[in-house]
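Heads up: the structure comes next, in structure tokens.
The values are calculated or read from the model by the stated rules, or taken from the named source; none is laboratory data. On a predicted model such as this, the values are computed, not experimentally measured, just so you know. Note: ideal-geometry Cβ built from the backbone for every residue, glycine included; neighbour counts use all protein chains shown.
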């Protein structure tokens, strides 16, 4: 995959993780407004938010790095994280019997779609790179 395309995809992926992480840090006041299930404690959403922010920063480092700089999260890790998150959310939406308002359903289905879609784009770009014979 050309370095520029790879960097752009990783940068977009990092931005998605950063936005989700920041939203989770403020989960309690946002849950009602977003129409997503509330939590009895903000401990787990804020911990997950901080982890997602860290993943976003690692993706930014990887997208912007030069060979001699600190290595961040690579494409394989990003695909694994996004697919796991997107598929887990999809299973919850299909089988979780969640009572969500339309706004919450749209937000969560949109999020699941973005996570799975960006993973598929990253896998497709990687497959194209292999077919082209480039590293």
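When both residues are 6+ apart or on different chains and their Cβ atoms are under 6 Å apart, which pairs have a first residue that lies in region 53-67 and is within 12 Å of residue 3 (Cα to Cα), and a second that is assigned to a helix (DSSP H, G or I) and at pLDDT 80 or above?
As it stands, the answer is 62/10; 63/7; 63/10; 63/11, since those pairs meet every condition given.
Just checking, how many residues over region 44-76 are part of a helix (DSSP H, G or I), under 17 Å from residue 9 (Cβ atoms), modelled with pLDDT under 80 and in contact with a helix residue (DSSP H, G or I) (Cβ under 8 Å, 6 or more places away or on another chain)?
Total satisfying the criteria: 1.
Checking the condition touching a helix residue (DSSP H, G or I) at 6+ places or on another chain (Cβ under 8 Å) and modelled with pLDDT of 90 or more, which residue from 103, 135 passes? Before you say what the answer is, go through the steps one by one.
Details: 135 fails: modelled with pLDDT of 90 or more.
Only one candidate passes the filter, namely 103.
Scan region 106-132 residue by residue and report those that are at pLDDT 85 or above and out of contact with any helix residue (DSSP H, G or I) (no Cβ under 7 Å at 6 or more places or on another chain).
106, 110, 113, 117, 120, 124
Please work out if residue 86 is surrounded by 11 or more Cβ atoms within 10 Å (Cβ to Cβ), at negative phi and at pLDDT below 85. Full working, then the answer.
On the way: surrounded by 11 or more Cβ atoms within 10 Å (Cβ to Cβ): yes; at negative phi: yes; at pLDDT below 85: no.
Answer is no for this residue.
Which condition number does residue 125 fail, the rest of (1) within 20 Å of residue 18 (Cα to Cα); (2) surrounded by 14 or more Cβ atoms within 10 Å (Cβ to Cβ) being met?
For residue 125, the failing item is (1).
Kindly provide the set of residues from region 1-24 that are outside any helix (DSSP H, G or I) and surrounded by fewer than 17 Cβ atoms within 10 Å (Cβ to Cβ), ordered by number. Full working, then the answer.
Pass one, region 1-24, residues outside any helix (DSSP H, G or I): 1-2.
Listed by number, the list holds a single entry, 2.
Could you give every pair whose Cβ atoms fall below 6 Å, whose first residue belongs to region 12-38 and is on the phi > 0 side of the Ramachandran plot, and whose second residue is modelled with pLDDT of 80 or more and assigned to a helix (DSSP H, G or I), counting only separations of at least 6 or pairs across chains?
35/103; 35/104
So which residues in region 25-36 are under 18 Å from residue 52 (Cβ atoms) and assigned to a loop (DSSP other than H, G, I, E, B), if there are any at all?
26, 36, listed by residue number.
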